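These notes concern the structure reproduced below.
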Amino acid sequence: MSVFGKPYGLILDTNVLIDLFQPEKVSRETFNNFMDCVILGKLKLIIPTQVKREWDKHKVVRNQEYLDAAIRSIEKHEKLADHMPRDEEKTRFIEQINTLKKMAEREYRYTYGARANHLDKIINDSHKTIMPDKDNDVERQVVEMSIQKRAPFFGPDEINGKGIKNEMADAVIFFTAYEFMKKQENDLKKIYFVSLNKKDFCTKGNNSIFHANLQPYADEVDMHYGNSLERLIEEIFPNKPKLNDYQMDDMEIYLTDRFFIQCPECTGEIHINADSVTEYTREHPHGLYSLVCPHCNYTVKTDAGPLDSIY
């Protein structure tokens, strides 16, 4: 149990996890508060295995999409070089474009990309996250709802008014959470299910509560719906202290070349601060830094520790 008493349980849909590292979606303050609450044990994450499978897929795909978008916003200016009459001007201009692309990639990788890495660590930490799997009871609930074509996961689309829905994955997520709640010991203060997917969990016209067909299940296990992580954290932790910042300040300094080395394995860039881990041994009780390549996970050993400087 946390030093703060029983933690709140937080069941997260995949879309919430994705939004946490999508540019301009979740503020730096909200992300920091969320991470602090989890690390301090105020929040216990409950991630159904269906969400974990979706997260493992989308964290890679979305990360690359966002990174590519940052690069494309600069690449579109490359064609301006065609209007420059002198070759030296073209060469200098292309060099500047390439520098800007490099800096844009670094900026994304060590801001929003770093968020994805932080999230992945806590999701895979059994002390921070419970990961219930679907069982026979979950499958039975989902099959029954599917056969009966019951909203919001199956049957006519209530939101758009046309088409037939078959949201099997969302049904598995909800009923995995429900069955987990039925069987778990009462060691959580209150449970919240947070999703941004109003069309598959809510009643038409009200995206702040569960769909009427889901509410009886939620009431049975005292599970509450939320559609905003920011508002939820503000509601349950109004006087939260600011403890950690999971994003580097002074980006214009810490993303310059002197803070990077080239990976000897894949030639990708490694940041000497953000990509470092500390390894402790009897010979080095204060720890020595190792640098882990974010591209291929190759580890570069160093002879420097917290009492030294490696740049």
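The values are calculated or read from the model by the stated rules, or taken from the named source; none is laboratory data. Quantities reported herein were computed from a predicted structural model and do not represent experimental measurements. Positions of Cβ are generated from backbone atoms using ideal geometry, with glycine treated the same way; all protein chains shown enter the neighbour counts. Areas reflect the complete protein model, heavy atoms only, side chains present, ligands, DNA and RNA absent. Shrake-Rupley method; radii C 1.70, N 1.55, O 1.52, S 1.80 Å.
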- Once the Cα atoms of the chain are picked out, what are the Rg and Dmax in Å? 23.4, 75
- Task: Please compute the net charge surrounding Lys189, taking Lys and Arg as +1 and Asp and Glu as -1 over other residues with Cβ under 11 Å from its Cβ.
- Result: +2
- Task: Give me the number: length gained by fully extending Met131 to Gln262, i.e. 0.36 nm times residue separation minus the C-alpha to C-alpha distance, one decimal in nm.
- Result: 43.5 nm
- Message: Restricting to DSSP loop positions (anything but H, G, I, E, B) with no more than 15 other Cβ atoms inside 10 Å of their own Cβ, which GluC sites (Glu not before Pro) remain in the range 86-167?
- Response: Glu158
- Solvent-accessible area per residue for the chain at a 1.4 Å probe radius, Å²? 55 Å²
- Note on the structure: Once the mean of 1/r over all distinct C-alpha pairs in the range 188-311 is inverted, the Kirkwood radius in Å reads 19.1 Å
- Item | Radius of gyration, Dmax [the range 1-77; alpha carbons; angstrom] | 15.6, 55
- Query: Going from the alpha-carbon gyration tensor of the range 44-147, what semi-axes, largest first and in whole Å, does one get by taking the root of 5 times each eigenvalue?
  - Reply: 47, 17, 6
- Query: Which of the cysteines in the chain are isolated, no other cysteine C-beta under 4.7 Å?
  - Reply: Cys37, Cys202
- Query: Counting only protein chains, not ligands or nucleic acids, how are Arg150, Arg115 ordered by accessible area (probe 1.4 Å), most first?
  - Reply: Arg150, Arg115
- Message: Please report the carbon-and-sulfur percent of the accessible area for the chain; probe 1.4 Å, protein heavy atoms only, DNA, RNA and ligands left out.
- Response: 49 percent
- Note on the structure: Averaged over all viewing directions, the convex hull of the alpha carbons in the range 137-224 casts a projected area in nm² of 5.6 nm²
- Give, in nm to one decimal, the length gained when the segment between Lys301 and Lys25 is fully stretched (0.36 nm per residue of separation minus the Cα-Cα distance). 95.7 nm
- Query: Most fluctuating residue of Asp170, Asp245, Asp13 in a GNM of the chain with Cα springs under 10 Å: which is it?
  - Reply: Asp245
- Task: Between Asp56 and Ala81, with labels modelled 7 Å along Cα→Cβ, what's the label distance in nm to one decimal, could you check?
- Result: 4.1 nm
- Task: Could you please put Arg53, Arg109, Arg231 in sequence from largest to smallest accessible area, using a 1.4 Å probe?
- Result: Arg231, Arg53, Arg109
- List the DSSP H helices in the chain whose Cα atoms stretch 27 Å or more along the helix axis and whose mean Kyte-Doolittle hydropathy is at least 0.0. none
- Query: Out of the range 11-56, which GluC sites (Glu not before Pro) are coil in DSSP terms and have no more than 12 other C-beta atoms within 10 Å?
  - Reply: Glu24
